[in-house]
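Data first, discussion second: the structure below is written as structure tokens.
The values are calculated or read from the model by the stated rules, or taken from the named source; none is laboratory data. Bear in mind that the values here come from a model prediction, so they are computed numbers and not experimental data. Positions of Cβ are generated from backbone atoms using ideal geometry, with glycine treated the same way; all protein chains shown enter the neighbour counts.
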Amino acid sequence: MRDTAYDIMQENIKNFLKQIKNLSEEIDSESIKRLASSIEEKIKKDAFYLVVLGQFKRGKSTLINYMLGTNLLPTGVLPLTSSITKIYYSPEVKIDVIFNNGVKKEIPVDKLELYCTEKRNPKNQKGVDTIEIGYPFDFLNRDVVIVDTPGIGSIYQHNTDVTYEFIDKSDAVIFVLSVDPPITEVEKQFLLKIAESVDKIFFVINKCDLTNRNELEEIVTFTKNVIRDITKKENINIFPLSAKMALEGKVQDRREVIKKSGIEIFEEELKRFLRNEKEKVQFLSNLKSLDSFLEVCRTFLESDMKLKVMPLKQLEENIEKFDEFLDKINRNKIEIYKLFKVEMNDILTSFDEQIEKIKKEITINITKKVKDYYPSIARFKRLKQKEYLERYLEEAIVQEFEFQKRGLEKYVEDQFAFLLSRYCEKINELIKSIKDTAKELFFY
């Protein structure tokens with residue numbers, strides 16, 4: 001499916017980016033231009049942001065180091081990470097520091113701590129926007145970007161602010177908790193915000209080597225109940241592990257230590273998700289990014305309208321027009337989520353039904369082919385018949401499966417194409433409405 005329906009939908013989203021960029025250029029706002037550029041960069045790179053979030057000192061950087069298989073990111077007793085750090089696959093190690101003024105500087109690995117830690121860059125005095133690290137890790141898909149974030153809830157408010165601002169850019173989240181204590185009020189409020197913006201969240205309870213099995217079971221049960229209350233979801237999977245123990249096992253190449261750390265179950269589930277669900281989640285996340293951008297534009301235009309000096313009568317008329325415009329945006333937002341949450345699930349359900357139907361058809365067709373083939377080998381002895389039948393059956397199954405597979409792929413592609421055409425119509429209408437309204441009310 002990656003080469004067909006998914007690519008078609010991604011290509012259409014990339015086409016919408018041109019309209020988003022044009023819209024941002026017509027609105028006099030540097031923040032909107034920067035937002036449009038960041039959305040454009042992520043979607044064009046087809047990057048999947050796997051963001052590691054949590055309170056300070058929960059072991060986020062240690063967990064990422066395990067994924068990388070080396071002690072790359074600084075770790076320690078005090079709150080460390082002070083800026084957003086993106087780690088992408090690269091055959092060679094490469095570190096770039098991007099500053100708030102847009103300047104990019106390449107640095108050696110041993111200088112990383114000077115820019116990404118609170119100790120060496122207090123309150124981000126050096127003006128670091130992002131750190132990008134290219135590294136040859138083989139833990140995940142090569143289009144996955146692991147994002148390390150500053151821990152929330154420390155005495156450094158700017159760290160919390162930076163992390164909160166990045167939530168909306170996440171495709172999936174690893175939410176790192178710990179046994180000491182299990183979950184705090186700060187984490188509850190943080191998770192509430194994450195759950196509003198991100199559909200896929202992996203819950204990790206770190207440092208499980210610091211407690212016994214009975215206590216750990218109580219912690220997992222308690223935490224699971226709290227998460228259910230916050231997210232309003234019943235099926236919550238929690239992965240208790242020791243990132244520190246896992247990293248030691250990885251670095252020392254000791255399989256028994258890795259196994260004891262409990263990280264393998266989490267690792268298998270994460271890899272399964274990336275194989276089977278990543279593309280759907282990424283597509284929905286891209287839609288959310290576009291939707292968020294339109295919402296920012298709406299808010300800006302609304303605020304700008306109120307600040308404009310114009311006759312009262314004209315202002316009242318414009319407010320009424322803008323209210324109608326907001327209603328249209330809300331209707332389109334509802335339609336978008338209806339299309340790509342409810343109806344995509346319907347397609348998946350229909351896919352399962354088609355699979356069952358195909359199983360029956362394959363059985364019927366293969367049975368008929370075997371019956372038709374048997375007379376041609378009836379003159380041979382039993383052992384020879386068995387040999388010919390097994391060989392024929394193997395070929396027939398492969399041929400029948402390939403035939404049915406092509407039909408199934410076409411069916412799913414047609415369903416997605418139909419859904420996509422409806423989405424294209426709605427998103428074009430929405431973009432046109434924003435541009436027309438902006439010109440009519442504000443760019444006169």
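Just a few scattered comments:
- Here Asn212, Asn206, Asn124 are screened, and the one residue that is assigned by TED's automatic domain parsing to the domain that holds Lys232 and on the phi > 0 side of the Ramachandran plot is Asn124.
- For segment 227-279, filtering for residues that are farther than 18 Å from Phe175 by Cα and not in a helix (DSSP H, G or I) leaves 3.
- Any chance Ile236 is in contact with a strand residue (DSSP E or B) (Cβ under 8 Å, 6 or more places away or on another chain), on the phi < 0 side of the Ramachandran plot and touching a residue at least 12 places away in the same chain (Cβ under 8 Å): yes
- Exactly one residue out of Leu419, Leu383 is among the aliphatic types (A, V, I, L, M), modelled with pLDDT of 75 or more and over 30 Å from Ile27 (Cα atoms): that is Leu383.
- Filtered by the rule that a residue be within 18 Å of Glu165 (Cβ to Cβ) and assigned to a helix (DSSP H, G or I), segment 25-39 gives Glu30, Ser31, Ile32, Lys33, Arg34, Leu35, Ala36, Ser37, Ser38, Ile39.
- Under the condition of being in contact with a Lys or Arg (Cβ under 7 Å, 6 or more places away or on another chain) and of a type in the set (Ser, Thr, Tyr), the residues counted in segment 171-218 number 1.
- Qualifying residues in segment 107-130 (those that are touching a Lys or Arg at 6+ places or on another chain (Cβ under 7 Å) and under 23 Å from Tyr49 (Cβ atoms)) - the one surrounded by the fewest Cβ atoms within 10 Å (Cβ to Cβ): Thr130
- If only residues of segment 350-398 that are touching a helix residue (DSSP H, G or I) at 6+ places or on another chain (Cβ under 8 Å) and of a type in the set (Lys, Arg) are counted, the one that is surrounded by the fewest Cβ atoms within 10 Å (Cβ to Cβ) is Lys384.
- Every residue from segment 138-161 that is in a loop (DSSP other than H, G, I, E, B), closer than 19 Å to Leu73 by Cα and modelled with pLDDT of 80 or more: Thr149, Pro150, Gly151
- Against the list (1) free of Cβ contacts under 8 Å to residues at least 60 places away in the same chain; (2) within 21 Å of Val103 (Cα to Cα), the condition Phe166 fails is (1).
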